[in-house]
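K.L.:
After the C-alpha cells below, expect a handful of questions from me.
The values are calculated or read from the model by the stated rules, or taken from the named source; none is laboratory data. Worth saying up front: this structure is predicted, and the values here are computed from it rather than measured. Here Cβ is always computed from backbone atoms with ideal geometry, including for glycine, and neighbour counts include all displayed protein chains. In case anyone asks, the SASA skips ligands and DNA or RNA and just uses the protein heavy atoms, side chains included. Shrake-Rupley method; radii C 1.70, N 1.55, O 1.52, S 1.80 Å.
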Amino acid sequence: MDLPGKDHIYLAPFQGITTHVFREVYTRYFTGTDKLFTAFFSGIQSSKSLRSRQKELEKTHHNGVPVVPQILSKEGDEILLFGKLCHELGFQEINWNLGCPFPRVARKMRGSGLLPYPVKIEEILDKVMPVLPLKLSIKCRLGYYSPEEIIALLPVFDRFPLSEIIVHARLGKQMYKGSVNTTAFEKILLRTTHQIVYNGDIFTGEDFRKRKQQFPQIKRWMTGRGLLANPFLPQLIKEKKPLDEPQSVIRKYADDLYYAYRKNFNDSLRSLNLMKEWWSYLSLSFDHPEKVFGKVKKTKSFNDYEEAVNAVFETHEWTGKGMKTNRTE
Ligand SMILES: Cc1cc2nc3c(=O)[nH]c(=O)nc-3n(C[C@H](O)[C@H](O)[C@H](O)COP(=O)(O)O)c2cc1C
C-alpha cells in the first residue's frame, strides 16, 4: 500500500549498466530508490542463457531495496517458466517488457513491437495470469506506431490483476528521440483502474516537480538516464536539501564500482567496457562532460583507466547538472 502523498522512485533497467554489481554499489551509496529492475532476460528456454546470467538473480534485495527481474518474451510458457524460477529464488514480482524499441526486437513482435497486437497480449496474459505464482507488472510505451495502441490495450490490462504498469511516455518508433508525449500519457490515467508509473526524461528535481504538478495522482516514478548521470537524483527529489561533499562521494562510488566489476569479472578487461558505458552518463554531471568522457573512453588497460579517473577528479568539477532536458511542449 502506498502512503498518501509519498512518492516512490524506481531505478529503470539498462542493459549493460544496471547489473547486479551496479545495483549493489549504487544502493550502498545513495538513498531514495524504492525499487530496482534487472535488465531484460530473453531466450530463457535455453538454460544456457539463464546460467550465464545467474548472478543477476542471486539477490532479491540490494541493501534493503527490492529487485524485480524483467523478461522480454512473446511466449506465455516462457514467461511462466521465468516466473516460477524467480518465485523459487524468493522474488515477489516479475516485470514483462513491452517497451524495448530496438528494430531487431520489435520486428519479431517482442518488446514495443507487441503493442499493436492487443489480442496476442490478451492471449498471453490469459495463459500466464491464472497460474503465475508471483506478481506481474508491465513496462511499456504508448505504442509502437501510435498512442492509440495503448488506449486499445487498457481494457485488456484491466481484465488482469497486474501489480502496476510502467509507461515510458514515448512511442517505440521514436527510440529515445523527440520529446515525451505527456498529453497521451494523461489520457491513460482517465482510462485505467491500474496503478500507473510515469517514466521518461526525469533528469532533474525540476523535471520531477513539473511532472508531479501535471500528474498529481501519480505516486510512482521511474528514472534511468537522469539517475545514471546524477546518482543523487532520487535523494534530491525526496529530501530537497543540499548535498554534503558530492564530489568525494562520487569519487568513492566510482572507485567501488570499478573494483566490484574487476572482482566480478576476475580482472577481465570486460570490466572497463562496463565502466565506460557508465561514464558516458556520469560524465554529464561534470563541468566539461565531453572532456571527462573522452579521457575515460580512450583507456585500454587498468593502469590507463586509473590514471584517467585520477585526472578527471583532479582537473574537473562535479556540477550535478546531469542530462539536459529537451522539452518542446
Ligand atoms: C542503453 C539502454 C538500455 C536499456 N535497457 C532496458 C531494459 O533492459 N529493459 C527496459 O525495460 N528498458 C530498458 N531501457 C529503457 C529505460 O529503462 C528507460 O525506460 C528509458 O531510458 C526512459 O527513461 P529515462 O528517460 O528516465 O532514461 C534501456 C535504455 C537504454 C538507453
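K.L.:
Please go through the range 186-200 and give me each residue that is touching an Asp or Glu at 6+ places or on another chain (Cβ under 8 Å) and either closer than 14 Å to ILE237 by Cα or assigned to a strand (DSSP E or B) (or both), ordered by number. Spell out how you get there, then give the answer.
P.N.:
Filtering the range 186-200 down to residues touching an Asp or Glu at 6+ places or on another chain (Cβ under 8 Å) leaves 192-197.
Those that are touching an Asp or Glu at 6+ places or on another chain (Cβ under 8 Å) and either closer than 14 Å to ILE237 by Cα or assigned to a strand (DSSP E or B) (or both): ILE196, VAL197.
K.L.:
On to the next question. Considering only the range 224-234, I want to know if a residue exists there that is within 16 Å of the ligand (Cβ to nearest atom) and not assigned by TED's automatic domain parsing to the domain that holds GLY32. Walk me through it before giving the result.
P.N.:
Initial filter on the range 224-234 (within 16 Å of the ligand (Cβ to nearest atom)): 224-234.
Applying the additional criterion that residues be not assigned by TED's automatic domain parsing to the domain that holds GLY32 yields none.
Checked the range 224-234: no residue is within 16 Å of the ligand (Cβ to nearest atom) and not assigned by TED's automatic domain parsing to the domain that holds GLY32.
K.L.:
Taking the range 198-208 only, how many residues are over 24 Å from PRO289 (Cβ atoms) and either without any contact (Cβ under 8 Å) to a residue 12 or more places away in the chain or among the aliphatic types (A, V, I, L, M) (or both)? Quick ask: steps written out before the conclusion?
P.N.:
Filtering the range 198-208 down to residues over 24 Å from PRO289 (Cβ atoms) leaves 198.
Of the ones still in play, those that are also either without any contact (Cβ under 8 Å) to a residue 12 or more places away in the chain or among the aliphatic types (A, V, I, L, M) (or both) are none.
Here the count works out to 0.
K.L.:
Looking only at the range 65-79, how many residues end up being assigned to a helix (DSSP H, G or I) and crowded, with 18+ Cβ neighbours inside 10 Å? Step through it out loud before you land on a result.
P.N.:
Initial filter on the range 65-79 (assigned to a helix (DSSP H, G or I)): 76-79.
Narrowing the set further to residues that are crowded, with 18+ Cβ neighbours inside 10 Å leaves 78-79.
Result for the range 65-79: 2.
K.L.:
Now for a separate question. Out of all the residues in the range 162-178, which are away from the ligand (no atom under 13 Å from the Cβ) and within 22 Å of LEU11 (Cβ to Cβ)? I'd like the intermediate steps shown before the answer.
P.N.:
In the first step, residues of the range 162-178 are kept if they are away from the ligand (no atom under 13 Å from the Cβ); the result is 162-164, 173.
Within the range 162-178, LEU162, SER163, GLU164 qualify.
K.L.:
With the requirement that a residue be modelled with pLDDT under 95 and either touching a helix residue (DSSP H, G or I) at 6+ places or on another chain (Cβ under 6 Å) or closer than 20 Å to PRO231 by Cα (or both), what does the range 159-203 give you?
P.N.:
None; the set is empty.
K.L.:
Out of the residues in the range 66-89 that are touching a Lys or Arg at 6+ places or on another chain (Cβ under 7 Å) and aliphatic (A, V, I, L, M), which is farthest from the ligand (Cβ to nearest atom)?
P.N.:
Selected residue: VAL67.
K.L.:
Is there a residue being within 12 Å of the ligand (Cβ to nearest atom), small (Gly, Ala, Ser) and either surrounded by 19 or more Cβ atoms within 10 Å (Cβ to Cβ) or not assigned by TED's automatic domain parsing to the domain that holds MET129 (or both) anywhere in the range 179-194? Spell out how you get there, then give the answer.
P.N.:
Going through the range 179-194, the residues within 12 Å of the ligand (Cβ to nearest atom) turn out to be 179-180.
Filter once more, so that each one left must be small (Gly, Ala, Ser): 179.
After this cut, where a residue has to be either surrounded by 19 or more Cβ atoms within 10 Å (Cβ to Cβ) or not assigned by TED's automatic domain parsing to the domain that holds MET129 (or both) as well, the list is none.
For the range 179-194, residues within 12 Å of the ligand (Cβ to nearest atom), small (Gly, Ala, Ser) and either surrounded by 19 or more Cβ atoms within 10 Å (Cβ to Cβ) or not assigned by TED's automatic domain parsing to the domain that holds MET129 (or both): absent.
K.L.:
Can you tell me which of (1) under 14 Å from GLY32 (Cβ atoms); (2) surrounded by 21 or more Cβ atoms within 10 Å (Cβ to Cβ) is the one TYR261 doesn't meet?
P.N.:
With respect to (1) under 14 Å from GLY32 (Cβ atoms); (2) surrounded by 21 or more Cβ atoms within 10 Å (Cβ to Cβ), TYR261 is out only on (1).
K.L.:
Right, next: Within the range 88-97, can one find any residue that is among the aromatic types (Phe, Trp, Tyr), within 18 Å of the chain's Cα centre (by Cα) and at pLDDT 95 or above? Spell out how you get there, then give the answer.
P.N.:
Start the filter on the range 88-97 by keeping residues that are among the aromatic types (Phe, Trp, Tyr), which leaves 91, 96.
With within 18 Å of the chain's Cα centre (by Cα) added as a condition, the list becomes 91, 96.
Filter once more, keeping what is at pLDDT 95 or above: 91, 96.
So far as the range 88-97 goes, yes, one or more of its residues are among the aromatic types (Phe, Trp, Tyr), within 18 Å of the chain's Cα centre (by Cα) and at pLDDT 95 or above.
K.L.:
Follow-up question, since we're still on this one. Determine whether SER49 is among the polar types (S, T, N, Q), within 15 Å of the ligand (Cβ to nearest atom), exposed (fewer than 15 other Cβ atoms within 10 Å of the Cβ) and outside the structural domain of ALA260 (by TED's automatic domain parsing). Write out each step before concluding.
P.N.:
Numbers: among the polar types (S, T, N, Q): yes; within 15 Å of the ligand (Cβ to nearest atom): yes; exposed (fewer than 15 other Cβ atoms within 10 Å of the Cβ): yes; outside the structural domain of ALA260 (by TED's automatic domain parsing): yes.
So SER49 fits the description; yes.
K.L.:
Given the structure, is TYR253 open to solvent by 50 Å² or more (accessible area, probe 1.4 Å), of a type in the set (Ser, Thr, Tyr) and away from the ligand (no atom under 16 Å from the Cβ)?
P.N.:
no
K.L.:
Do the conditions hold for LEU269, that is, is it outside the structural domain of LYS177 (by TED's automatic domain parsing) and under 24 Å from the mean Cα position of the chain (by Cα)?
P.N.:
On the way: outside the structural domain of LYS177 (by TED's automatic domain parsing): yes; under 24 Å from the mean Cα position of the chain (by Cα): no.
So LEU269 does not fit the description; no.
K.L.:
Right, something else. Could you list, in sequence order, the residues of the range 167-178 that are buried (at least 19 other Cβ atoms within 10 Å of the Cβ) and outside any helix (DSSP H, G or I)?
P.N.:
VAL167, HIS168, ALA169, ARG170, LEU171
K.L.:
Let me ask something additional. So, in the range 90-105, of the ones that are farther than 14 Å from ILE71 by Cα and within 13 Å of the ligand (Cβ to nearest atom), which residue ends up surrounded by the most Cβ atoms within 10 Å (Cβ to Cβ)?
P.N.:
First, pick out the residues of the range 90-105 that are farther than 14 Å from ILE71 by Cα: 90, 92, 101-104.
Next cut, within 13 Å of the ligand (Cβ to nearest atom) only: 101-102.
Values: PRO101: 20, PHE102: 14.
Result: PRO101.
K.L.:
Follow-up. Select from the range 205-236 the residues that are surrounded by fewer than 22 Cβ atoms within 10 Å (Cβ to Cβ) and among the β-branched types (Val, Ile, Thr) and list them in ascending order.
P.N.:
Hit for the range 205-236 is ILE218, nothing else.
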